[in-house]
Amino acid sequence: MIDWTDRHCRYFHRQISRQALLYTEMVVADAIIHGPRERLLGHDAAEHPLALQLGGSDPVKLAEAVRIAEPYGYDEINLNVGCPSDRVQSGTFGACLMLTPETVAGCIAAMKAVSTAPVTVKCRIGVDEQEPEEALPALITRVLDAGADAIWIHARKAWLKGLSPKENREIPPLDYEIVYRMKQRWPDVFIGINGGIRTLDEAADHLAHVDGVMLGRAAYQNAAVLADVDHRFFGAPAAEPDWPALCERMMAYAERHIAGGGRLQHVARHMVGLFTGLPGARRYRQILSTDAAKSGAGPEVLAAAFAAVDFSGAEQEAVSA
């Protein structure tokens with residue numbers, strides 16, 4: 001979710017679900033060591049529980065990145081071994097690391113040695129011509145021996161050559177059953193599932209077999225899907241989403257961001273898909289896509305966008321999206 005789940009996106013999502021674990025964009029270890037640390041690692045306290053997702057293949061550099069991130073108080077540190085993009089492959093990390101599970105294990109051991117937060121791995125079921133029934137348990141065995149606290153599995157292969165990142169999310173067939181089998185093989189290990197999951201009903205079905213469900217683009221493209229998460233999965237009282245209150249909170253957040261030298265568009269771009277399918281959603285999107293991008297745009301643009309939506313069907317949409 002590089003360039004998607006930045007701090008503004010996470011703050012917005014946190015206003016809809018108070019309990020879901022949020023993930024940062026994947027941040028490369030070298031960037032943390034040599035780059036603008038506050039911009040890369042800083043976040044609002046409201047974002048917790050929050051996981052930092054790292055990219056890298058050098059145990060020394062990853063350990064140093066974890067040390068640097070320690071004061072920021074992340075609740076989990078995750079190593080991405082699933083991203084198939086050319087940019088990631090050129091740095092010898094992401095999904096290509098599934099070809100060298102011993103390297104991944106070395107990275108996890110180094111990260112665990114310096115982290116007070118749980119260290120987890122996010123992977124695919126295999127890459128290229130690998131046989132998932134062999135490659136996936138081999139990787140899991142290695143990283144668990146190295147001390148990994150949990151495994152998140154995107155239930156598709158990644159093809160490192162010939163498919164774009166977008167095609168790698170759509171063309172390789174999903175195989176949820178192999179993820180279920182990994183949970184059966186390691187019943188005492190937290191194993192979560194990812195890939196092609198779009199609704200909370202689907203999430204509930206998966207939770208009959210695994211310990212966690214990760215929503216990526218489904219949550220980004222229609223954040224209203226998060227509105228019933230706390231009730232369905234964390235025992236919170238059932239309640240209709242208070243969209244006007246959400247608008248007020250996001251206006252206040254945007255005002256703080258603008259006062260600090262930012263632009264409304266930095267915040268508003270993550271909110272565009274919120275009301276997909278509701279009356280007025282098209283006008284809502286138009287306002288956020290055009291007016292929020294204008295020079296000098298202020299929080300009142302968010303109020304105008306929310307005012308265009310008919311919320312009478314919002315609760316049902318949030319539950320069924």
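The values are calculated or read from the model by the stated rules, or taken from the named source; none is laboratory data. Quick caveat, the model's predicted, so the values are computed rather than measured. All Cβ positions, even for glycine, are placed from backbone atoms using ideal geometry, and neighbour counts span all protein chains on display. Side chains are part of the model used for accessible areas, which takes the heavy atoms of the whole protein and leaves out ligands, DNA and RNA. Shrake-Rupley method; radii C 1.70, N 1.55, O 1.52, S 1.80 Å.
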In Å², nearest 10: area of VAL301 left accessible to a 1.4 Å probe: 20 Å²
Quick one: Cα convex hull volume of the chain, Å³ per residue? 134 Å³
Per the 1/(1 + (r/R0)^6) rule, R0 = 45 Å and r from the Cβ atoms of ALA303 and LEU21, FRET efficiency to 0.05 is 0.90
Accessible surface, per residue, of segment 95-175 when the full set of protein chains is kept, probe 1.4 Å, Å²: 40 Å²
Using a Förster radius of 25 Å, what is the FRET efficiency between ASP242 and HIS266 based on their Cβ-Cβ separation? Nearest 0.05, please. 0.55
Between the helical axis of 281-290 and the dominant principal axis of the chain, each derived from Cα atoms, what acute angle in degrees is found, rounded to the nearest 10? 80 degrees
Pick from PRO173, PRO118, PRO59: which residue has the top mean-square fluctuation in a GNM of the chain where Cα pairs under 10 Å get a spring? PRO173
Using every pair of alpha-carbon atoms in segment 183-244, split the distances into 10 Å bins beginning at 0 and state the percent of pairs per bin, rounded to integers. 20, 47, 26, 6, 1
In whole angstrom, how long is each semi-axis of the equivalent ellipsoid of segment 169-295, when you take the square root of 5 times every eigenvalue of its Cα gyration tensor and sort them from largest down? 34, 17, 15
Per residue, how many Å² of accessible area does segment 176-217 show with a 1.4 Å probe? 48 Å²
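So, with a 1.4 angstrom probe, what is the percent of accessible area on the chain that is carbon and sulfur?
So the carbon and sulfur contribution to the accessible surface is 51 percent.
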As an exercise, use a Förster radius of 35 Å and the Cβ-Cβ distance of HIS34 and ASP310 to find the FRET efficiency, rounded to the nearest 0.05. 0.10
